[in-house]
Structures are given as C-alpha cells and as structure tokens.
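Following: one structure in structure tokens, then a few remarks.
A short reminder: the numbers here are calculations on the coordinates, not readings from a lab. Treat the numbers as computed from the prediction; the structure is a model and nothing was measured. A quick note on method: Cβ atoms are made from the backbone with ideal geometry, for glycine too, and the neighbour counts reach across all protein chains shown.
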Amino acid sequence: MVDFPVIDLENLTSQRDNAVEKLMAACAMTGFFYVTNHGISHQIIEKIFTVSRELFDLPLEVKEKYPIMDNIGNMRIGQERLVSMDLIDYKESFNFPSSFNLATDDQLPSTIKESRKETENFTRACHAVGCKVLRALAIGLGLEAEHFVKGHTYGKASGGIFRLLRYPAIPESVDPVSTVRAGSHSDYGTLTLLFQEPPPAGSEKIASGLQVNVDDSWHDVPSKKDCIVVNIADLLSFWTEGRLRSAVHHVILPAGELKNTPRYTAVFFMHPNSDHIIEPTPSAIPAPFPAKQDKDGHLVASFGPSPFTYKQTGKEYLWRRLNLTYDFAAY
Ligand SMILES: O=C(O)CCC(=O)C(=O)O
Ligand SMILES: [Fe+2]
C-alpha cells in the first residue's frame, strides 16, 4: 500500500512542520500527493461541478459545435484513446485554456459563458495553488523560490489546460475488457491539480477508479475530503532531470453501485509559458537521470516517456509531444 501524503499548503508556504521535506519525499517516490488547506472554497468547487454537469448535459449537436482544435474544445466518448485504438476511454471532456481569461467567446458554450467570471476565478485560484507548490519544490531543490514560478504567468500564452471530464455511468453493453475510464498515461506539463467530486453517500468506501502505478503495481487514489490531488507531470520531471517523478496513472471502471453513477472531475494542467526555455535544473541534489549530449551535440534527457531536448521552449515541447500522439490523444 502506498500512502499518498496529505500536505497542508499553509505549512508548505511557511515551511513549517517538515511540509517541504514531506513534499520532496513524495515527489522522489511517486510524484502524487494531496494538498489540503488550499483556500479554494467549497462553493466555488461546487459551482464548477454544476457548470460541468450543465455543459455535458447539452445536446450532442451543441457540444459538437466545439470540436477539439489546438487542444481546446470537446472530445466525445471514445475519441481519446490514451493507450491504443483497442482500448476505449469511456469518458467525454471539454478543454479550455488554463488562463481562462484567454478563452475566446467562440470556444465557450453558453452554459460556461454565463459563469465566465467564476470559472476564471477558479482557474486563478488553481494557478495560485500550483505556484505555491512550485515554490516549495524549488526551495526543496535548493533553488531560489521563483525558479519554476517565473516561467508560469497567469494570462500569458501557455499549453496549460483547464479540463472538465465526465465519465458516464457504465451501461451493461460496455465490454469491460476493451474499456477503461482513462487509459494509462502520464501528464505532459509541469503540475496537475485534480478535483474529484466526493463519492455519493454510502459509497465512500468504494475506490473512485483513479490509480497510480508505483513499482509495477496499481494503487488507489481515493477522493479525500477538502483535498486536491496534485501530481508532478512529465515536463517538470525532465526539467529536474528526474529528481521529481511523474507517475503513470489511469482510471479503471468502477466497482459495485458506482458503476451506475457518472464520475465528474475537473483538472488543471499547468504548463510553462509558451516562450519559456527549459534548461536542466541547477540543483546540488544529485539527479537520477542527468542530461546528456546526443551525437549532434544537443542536450537531451536520459530517461522518460518520450525523447526530450533541453533548451527548447514550453511551446516547442508541447507540440512535439502532441504530434507524437495521434489525434491529440493527450494533453
Ligand atoms: O479524472 C481523473 O481522475 C484523472 C484524469 C487524468 O488523469 C487526466 O485527465 O490526465
Ligand atoms: Fe492524467
């Protein structure tokens, strides 16, 4: 059993109660942890899930007016297959720019346009939480606090995505062998913040389906009251030459009565500014996977889920990564 630690954001910011050490230990092992005392109110989180329900409840022909383009828009059930064409991801999603103030009217169905201000406030709050974690990580690595944050500016162009997801109830007709809720993958960016709706009353003990792969076995990441699940994503792992780990995760079909309940999540994917150049991190902590020179003299990562060249911008990385994946299969 892996115990994903719960980290108090206030303690992290004020460097109390070994919170930074706890965070660094989690990031060296699994890259997954919970953040509590994050200051994002219940009301705004509930509002986001209300907006999400209204959005997915729109008629199909309305949702299809917003097809995914440049990684923004709607993906219908089965469109995104994270593992292979043989494994269906039984989910639908809507991607918006993580700096929601950059969303153009034509990217927003009426339901979310009506809640533009609240949604923007939510994304600003998520960004602020992510920046606090990035500062603590920089401090934990012995760097100046703003090392990562200065490449993450709210309101500036980036590959960052705010994503709403609905995993529908599982009909009897679904083949459990060729279907998952989300196939195994690691995230592309720097940090991911995941909000899981609390399970319905009476189902608290049933796992939500999100699992993380640690040392070749899968571990449940249950929804925890008032907590955000945060994980290190691939780019931050490359950036730090593997000092911070980005773990593979997936969402399996639920068990028991949760099969009959749709699952809603809201995900805030942080990416650096499009023009931010990613160099290896100058930390005194030994890197598990130091950058090396390739035969053409480029500085490249010596590990990871895809080739990675240093000294490229956030934008170059993201587009190379997306192009390696068919049909925008990930983000
Ligand atoms: O919805 C979830 O629990 C996880 C979603 C996820 O991993 C992703 O969208 O990258
Ligand atoms: Fe993910």
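I'd like the distance between the alpha-carbon centres of the range 50-81 and the range 6-33, rounded to an integer number of Å. What the calculation gives is 35 Å, centre to centre.
Panel order for Met24, Met270, Met75, Met1, by other beta carbons found within 10 Å of each beta carbon, from fewest to most: Met1, Met24, Met75, Met270. When its C-alpha radius of gyration is set against 2.2 N^0.38 Å (N residues), the chain gives a value of 0.95. Legend: residue pairs Lys156/Lys311; Lys47/Lys315; Lys91/Lys132; Lys295/Lys315; Lys156/Lys292, Cα-Cα distance threshold 29 Å; pairs beyond threshold, Lys47/Lys315; Lys91/Lys132; Lys156/Lys292.
Computed from Cα positions, the angle between helix 42-56 and the longest principal axis of the chain comes to roughly 60 degrees. Estimated from helical segments only, the mean residue ellipticity of the chain at 222 nm is -7500 deg cm²/dmol, where each DSSP H run of four or more residues counts as -39500 (n - 2.57).
Put the Cα centre of the range 238-301 next to the Cα centre of the range 175-225 and the gap is 17 Å. Against the main long axis of the alpha-carbon atoms of the chain, helix 19-29 sits at an angle near 80°. Once the Cα atoms are used to define both axes, helix 116-140 deviates from the longest principal axis of the chain by about 30 degrees.
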